[in-house]
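My structure is below; once you've seen it, I'll send some questions.
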Amino acid sequence: MDFRRIEVIFLIVFFSLDIFLFLSFRNSQQLVSSTSTNTSTVTEMRKRNISFGTLDTKGGNAYYLGSQPDDSLAQNVNKLRNQEVQYDEENHKITSSLNSSISVTTSDRQKVMDKFIKKESNVLFGKDYKYAPQLSTSSQMVYVGTGPLGEVYDKTNQLTFTIESGRVVSYTQTHVRSMIILHERQAIKSEKDVITNLYANSEIPNNSKISYANLAYTKLLVAKDSTIYIPVWFVTIKNKDSKVSSIKKVNAFTGNIIKNSTNGDSNYNAQ
């Protein structure tokens, strides 16, 4: 691809990003405005039997990131062994059924699969992924793309193993080779800001536990085949009575609660 074409593509991406940012301020259906919080909110949460650890007050910085369609999986799929593999060209995704399933238990499955993905004939680019317990369930192990700029909690850069009767039988994989910084870094909301804002907006019920609060990038929109990612706080809340967990997502730049998925995929649900 010549430089001029790349330049035109990213001018279009920047323009699309500007339009989205403008419209997001006017779109009250998808985002709920953040609420100012203070120490008294934390005290009130504890009185209502909401459990959580020490909340980090440091905000930090993050970026708008972009990526181009990635054919690295298609180019290397012939390296895989002992599995039946199909490649989806439209979604740049591998679907694989293992010839020999892998026995795992609740206690050892991360160790077993961490070792499995290190071998290139088992999984392509395994070193580019990290296990994400927050997104995993008893029947699925989710590994997310990771790199110098952070983790990516998004189906465009994910490795997901399916478990049946205590055995890993198959997986799906998408991959993003590299991310490009689209805008200078910006300040983001702290963990404390996010948690107290969720509570103030009635998103954290009484008698619950905050199991995870992780910051990761997720897809915002696609413009001319280029994908734009933003930093999002993923907060897992577990009901102490029902033991059911759900994940709330918060825009790390604005502190706004994302009520609907920005990328068209279903929100993650934990068990």
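The values are calculated or read from the model by the stated rules, or taken from the named source; none is laboratory data. Model, not experiment: these values are computed from the prediction. Virtual Cβ from ideal backbone geometry, glycine too; neighbours counted across all protein chains shown. To get the accessible areas, we keep the full protein, side chains included, count just its heavy atoms, and leave off ligands, DNA and RNA. Shrake-Rupley method; radii C 1.70, N 1.55, O 1.52, S 1.80 Å.
Pairs, please: C-beta under 6 Å, at least 6 apart or cross-chain, first residue in a loop (DSSP other than H, G, I, E, B) and in the range 96-107, second open to solvent by less than 60 Å² (accessible area, probe 1.4 Å)?
VAL104/VAL112; VAL104/VAL168
Taking the criterion of being over 18 Å from ALA252 (Cα atoms), in contact (Cβ under 8 Å) with a residue 24 or more places away in the chain and over 17 Å from the mean Cα position of the chain (by Cα), would at least one residue in the range 216-224 satisfy it?
yes
Turning to a different aspect of this structure: Which residues, taken from the range 225-240, are over 19 Å from GLY145 (Cα atoms) and either at pLDDT below 95 or within 14 Å of the chain's Cα centre (by Cα) (or both)?
ASP225, THR236 - these are the residues of the range 225-240 that are over 19 Å from GLY145 (Cα atoms) and either at pLDDT below 95 or within 14 Å of the chain's Cα centre (by Cα) (or both).
Check off (1) closer than 16 Å to VAL176 by Cβ; (2) more than 22 Å from the chain's Cα centre (by Cα); (3) not in a helix (DSSP H, G or I) for SER121 and give me the number that stays unchecked.
With (1) closer than 16 Å to VAL176 by Cβ; (2) more than 22 Å from the chain's Cα centre (by Cα); (3) not in a helix (DSSP H, G or I) applied to SER121, the lone miss is (1).
A follow-up question, please. Can you tell which of LYS209, LYS189, LYS115 is open to solvent by 50 Å² or more (accessible area, probe 1.4 Å) and assigned to a strand (DSSP E or B)?
After ruling out the rest, the residue left standing is LYS209.
Also, I was wondering about something else. Taking the range 220-240, which residues are assigned to a strand (DSSP E or B) and within 26 Å of ASN91 (Cβ to Cβ)?
Matches in the range 220-240: LEU220, LEU221, VAL222, ALA223, SER226, THR227, ILE228, TYR229, ILE230, PRO231, VAL232, PHE234.
Please work out which residue is nearest to ASP56 (Cα to Cα), limiting yourself to the range 218-233 and to residues that are crowded, with 22+ Cβ neighbours inside 10 Å and of a type outside the set (A, V, I, L, M).
TRP233
Here's something else I'd like to know. So in the range 41-54, with the set limited to residues that are of a type in the set (A, V, I, L, M) and modelled with pLDDT of 95 or more, which one is surrounded by the most Cβ atoms within 10 Å (Cβ to Cβ)?
MET45
Only one of these conditions is not met by ASP128: (1) closer than 29 Å to VAL235 by Cβ; (2) open to solvent by 70 Å² or more (accessible area, probe 1.4 Å); (3) without any contact (Cβ under 8 Å) to a residue 60 or more places away in the chain. Which number is it?
Going through (1) closer than 29 Å to VAL235 by Cβ; (2) open to solvent by 70 Å² or more (accessible area, probe 1.4 Å); (3) without any contact (Cβ under 8 Å) to a residue 60 or more places away in the chain one by one, ASP128 breaks only (2).
Does ASP88 satisfy the criteria of being more than 27 Å from VAL235 (Cα to Cα), open to solvent by less than 90 Å² (accessible area, probe 1.4 Å), among the acidic types (Asp, Glu) and at pLDDT 95 or above?
Against the criterion (more than 27 Å from VAL235 (Cα to Cα), open to solvent by less than 90 Å² (accessible area, probe 1.4 Å), among the acidic types (Asp, Glu) and at pLDDT 95 or above), ASP88 qualifies.
Counting only residues that are in a loop (DSSP other than H, G, I, E, B) and either among the aromatic types (Phe, Trp, Tyr) or surrounded by fewer than 16 Cβ atoms within 10 Å (Cβ to Cβ) (or both), how many does the range 136-174 have?
Going through the range 136-174 one residue at a time, the tally reaches 7.
Going residue by residue through the range 122-129, is there one that turns out to be β-branched (Val, Ile, Thr) and more than 19 Å from LEU73 (Cβ to Cβ)?
No: zero hits.
LYS243 passes all but one of (1) under 16 Å from the mean Cα position of the chain (by Cα); (2) assigned to a loop (DSSP other than H, G, I, E, B); which number fails?
For LYS243, the failing item is (1).
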